[in-house]
Amino acid sequence: MGFVRQIRWKWLLGIFKLKRLVDRLYGVRQLDFKEKVIFIRTSTLREYETRARSVAKEPDTVAWIKKNAALNSVLYDIGANVGAYSLIAGSLGMDVYAFEPTDYNVASLGMNIRLNNLDKRISIIACALGAEPAVVTFPLLDTSAGSSQGVYLGSAVRAQHSARIPISLLDHVRVTFNLPEPTAMKIDVDGGEVDVLVGAAKTLSLPSLRSVLVESSNENKSRIVSLMEGHGFVLAGEVRMDAKTVNLLFDRV
């Protein structure tokens, strides 16, 4: 091995040793869920600082999951991101179907499932949900794992990157893949919640589905309440997330 190549080899070896050290110190963080030991892969700062602190971020969402984690319960987690809430639900014994369309979040979601040995509890459905089936080019404002700058913000948004992503109706996905009927459903899709609900009309009418949690923009709130009431649900509570969004909790009458 020549002198220059030896120097390059040693330099790269040092870089990868440093990378392994950083991965050991910051590559995995325990989720702030006291009832179970759950770990989150943290390849980005957002995962480390935000996703691993998901209980503090949304305590009411976690309380809702715990309330619905009964025997033989099934959660559809629509907009699962890297899976913090799917992991909590799975650790409490729920069968979870985690819907996430972005490849960078799907990669982290899969690693988090395996990291916590929840392969038999959590299934990934890697597509977007909407009101009509299509393959659409979406802008990607942020392609780092844990990002919530999702695909539902609209094709008019300018971004450096984009992706061709399939959209399906939840009703079609449930039948096509013979998914079990949900007992609870969480929807967090950054602006696409109305389209998701429109494409889930038959699923929302299932008697097995007892509770639905929807993150809504202020603009979509009245439409969502009307849609849910049409399927036999009542607005049981709401939690203000920020100036623009609110979590709406619906229970079947």
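Each reported figure results from applying straightforward, stated rules to the coordinates on display, with no laboratory input. Predicted model only: the values in this text are computed from it and were never measured. Quick reminder, even Gly has a Cβ in these numbers, built from the backbone with ideal geometry, and neighbours come from all protein chains shown.
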I'd like to check something: does the range 6-26 contain any residue that is within 24 Å of S86 (Cα to Cα), in a helix (DSSP H, G or I) and within 16 Å of the chain's Cα centre (by Cα)? no
Taking the range 205-232 and the residues there that are within 19 Å of M94 (Cβ to Cβ) and more than 16 Å from the chain's Cα centre (by Cα), the one that is surrounded by the most Cβ atoms within 10 Å (Cβ to Cβ) would be L209
Residues of the range 165-182 being surrounded by 17 or more Cβ atoms within 10 Å (Cβ to Cβ), assigned to a loop (DSSP other than H, G, I, E, B) and out of contact with any helix residue (DSSP H, G or I) (no Cβ under 8 Å at 6 or more places or on another chain), in sequence order, are L169
Subset of the range 58-93, residues closer than 18 Å to F250 by Cβ, touching a residue at least 40 places away in the same chain (Cβ under 8 Å) and assigned to a loop (DSSP other than H, G, I, E, B), comes to E58, A70, S73, G79
